[in-house]
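One structure is given here, and the rest of the page talks about it.
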Amino acid sequence: MTDLSSLSIDPATRRVSLDARDPAFYSDPNRAYAALHANCPTFYWEEQKQWFVTGYDHVNALLRDRRFGRQILHIATREELGLPEPAAHTRHFDKAEEHSLLEIEPPEHTRLRTLVNRAFVSRHVEKMTPEIEELANRLIDGFEKDGKTELLSTFADIIPVTMIARMIGIPEEMGPQLLKWSHDYVGMYMFKRTRADEEAADRSAKEFADYVRTVIAERRAEPRDDLLSHMIHTEHKGQFLTEDELISTTIVLLNAGHEATVHQIGNSVRVILESGIDPATLFTDEKTTERTVEETLRICAPVHIFQRWCLEPCEIDGVSFKRGDKVSMILAAANLDPHKFPEPLTFKPDRDEGANLSFGAGIHFCIGAPLARLELNIVLPLLFKRLPGLRIAQTPVVKDVYHFHGLERLDLTW
Ligand code: HEM
């Protein structure tokens, strides 16, 4: 185990210094979270110049607290808040984010979310069960005889993007291109991103938006039974989605729809194999499968941080926030709060201490949670059933993108 020397905690002032690009940290953030829970669960992160919250109750309450929001410019100007003008070199990225569900608040958020929500409720996504099974089986058929595989490229990368593309109505052959655009795009969420990262994100946002625009034109001319046609033609209180809203919504669904799930397939397989528990005992029926999946989501969540703006003065855990301050919630750390989950660093699929916060809570609660859960509950048992004796062939390397906790590669053998 490498030494986490970049972490320093001062419980008296609640100041923490930590390099998010330190491999010892992002490879195993749970160790740092345990130290933070023990010493200083609400802390000021010097390098990020912001307050961070890790306690389960505080994170859960903050996610639902309407005194905090994803938007601030609807109640204050850039000048008042001392914010810089938007940069020209990220204008296409900013444009794509403008109407993203993740970035807006009611009433716009309610209107857009209502429109897409129907497609993502459990009873609707459950109809995709046979397709997910068929695809997962076909991919396993492709590498079963090899006795080894790199699971992300041959399996995890393919399933979520194929499913979300089918749902929206984007041709499946676009899968690899969508992955590339999306990888560039999420580079904008990285701590210490470079100008080159920003330019790549902007270029991909432009190409992505231009492409979505052409598919929208096709669906306007010839509607199909897909989510994009539904979004184009559905009216809400006499209004239709504008072209920009359609583009932002399609991009956020495609990006969010696969990025986290890809990581979670890898994270879940790794956690299970490293737990030493016989996988055959973890997937005996629907109930045990569900518990296993939820426990992997608790202990190794794929997205760690979400931020909110403070919209009115308030106090959280003794810290005063004023309008325009930002606060970050570390969902993956909230899942490790020892007050909520005893022995938090131990993988225990028979826990019954309540829900993890990996999909968030409140009005921005992950709209794709039923789809992500369905995919995980189908593909994980299938993989372990089809490949008995599955084991890790090479110590997995975690990606240097702290917000998204996922693996570079997962080399397996059986
Ligand atoms: C394991 C997989 C996934 C995880 C852990 C995850 C996690 C999250 C979290 C934590 C949020 C809340 C963000 C916030 O409060 O600011 C969120 C929102 C969202 N997720 Fe997911 N997600 C996953 C898969 C998906 C999938 C498959 C979709 C596909 C549609 C999706 C689409 C979205 C969208 C559109 C939002 C924004 C919702 C809103 O703001 O109203 N996610 N996700």
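The values are calculated or read from the model by the stated rules, or taken from the named source; none is laboratory data. Note that the structure is a prediction, hence the values are computed from the model and not measured. Here the Cβ is made from the backbone with ideal geometry for all residues, glycine too, and neighbour counts use every protein chain on show.
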Problem - Whichever residue in the range 38-61 is of a type in the set (G, A, S) and within 23 Å of D10 (Cβ to Cβ) and, among such residues, is surrounded by the most Cβ atoms within 10 Å (Cβ to Cβ) - result: G55
Practice task
Could you grab me the full set of residues in the range 114-125 that are loosely packed, with under 12 Cβ neighbours inside 10 Å and over 21 Å from the mean Cα position of the chain (by Cα)?
Solution key: R123
Practice task
State whether the residues of the range 265-272 include one that is surrounded by fewer than 24 Cβ atoms within 10 Å (Cβ to Cβ) and touching a strand residue (DSSP E or B) at 6+ places or on another chain (Cβ under 9 Å).
Solution key: yes
Fill in the blank from the handout: Residue hits (the range 193-219; among the basic types (K, R) and under 19 Å from the mean Cα position of the chain (by Cα)) are R193
Practice task
Identify all residues within the range 248-285 that are closer than 21 Å to P370 by Cβ, part of a loop (DSSP other than H, G, I, E, B) and in contact (Cβ under 8 Å) with a residue 60 or more places away in the chain; write none if there are none.
Solution key: F283
Exercise for the section: Could you please find all residues in the range 88-102 being assigned to a helix (DSSP H, G or I) and within 16 Å of the ligand (Cβ to nearest atom)? Expected result: A96, E97, L101, L102
Handout entry: Answer from G362, G324, G318 - the residue that is exposed (fewer than 15 other Cβ atoms within 10 Å of the Cβ) and touching a Leu at 6+ places or on another chain (Cβ under 6 Å)
Key = G362
Problem - Given (1) within 11 Å of the ligand (Cβ to nearest atom); (2) at pLDDT 95 or above, index of the condition L253 fails - result: (2)
Practice task
Go through (1) of a type in the set (F, W, Y); (2) within 16 Å of the ligand (Cβ to nearest atom); (3) farther than 30 Å from I378 by Cα one by one and return the number of the condition F120 breaks.
Solution key: (3)
Exercise for the section: Taking F240 as meeting all but one of (1) touching a residue at least 40 places away in the same chain (Cβ under 8 Å); (2) closer than 30 Å to R213 by Cα, write down the number of the exception. Expected result: (1)
Fill in the blank from the handout: If you go through R91, R138, R78, R64, the only one that is in contact with a Pro (Cβ under 8 Å, 6 or more places away or on another chain) and surrounded by fewer than 15 Cβ atoms within 10 Å (Cβ to Cβ) is R78
Handout entry: The listed residue being touching a residue at least 12 places away in the same chain (Cβ under 8 Å) and not basic (K, R), out of E198, E222
Key = E198
Practice task
Of all residues in the range 133-152, count the ones that are touching a residue at least 60 places away in the same chain (Cβ under 8 Å) and not aliphatic (A, V, I, L, M).
Solution key: 7
Exercise for the section: List every residue pair whose Cβ atoms sit under 8 Å apart, with the two residues 6 or more apart in sequence or on different chains, where the first one lies in the range 95-117 and is touching a residue at least 40 places away in the same chain (Cβ under 8 Å) and over 14 Å from G69 (Cα atoms) and the second, anywhere, is within 8 Å of the ligand (Cβ to nearest atom) and not in a helix (DSSP H, G or I). Expected result: L112/I104; R113/I367; V116/I367; N117/I367
Handout entry: Pair list, Cβ under 6 Å, 6 or more apart: the range 351-365 residue within 17 Å of A301 (Cα to Cα) and at pLDDT 95 or above, other residue in a loop (DSSP other than H, G, I, E, B) and near the ligand (Cβ under 7 Å from one of its atoms)
Key = S358/A301; F359/C366; G360/C366
Handout entry: Residue list for the range 1-37, filter: of a type in the set (G, A, S) and either in a helix (DSSP H, G or I) or surrounded by 15 or more Cβ atoms within 10 Å (Cβ to Cβ) (or both)
Key = S6, A20, A24, S27, A32, A34, A35
Practice task
Tell me, please, whether a residue that is of a type in the set (V, I, T) and more than 27 Å from G69 (Cβ to Cβ) can be found in the range 347-368.
Solution key: no
Practice task
Search the range 103-113 for residues being surrounded by fewer than 16 Cβ atoms within 10 Å (Cβ to Cβ) and not charged (D, E, K, R), and hand back the single one that is farthest from the ligand (Cβ to nearest atom).
Solution key: P107
Handout entry: Any chance G147 is among the small types (G, A, S) and on the phi > 0 side of the Ramachandran plot
Key = yes
Practice task
From the list E47, E80, E85, pick out the single residue that is in a helix (DSSP H, G or I) and over 30 Å from P342 (Cβ atoms).
Solution key: E80
Problem - Number of positions in the range 26-43 that are touching a residue at least 60 places away in the same chain (Cβ under 8 Å), farther than 16 Å from L357 by Cβ and touching a strand residue (DSSP E or B) at 6+ places or on another chain (Cβ under 8 Å) - result: 3
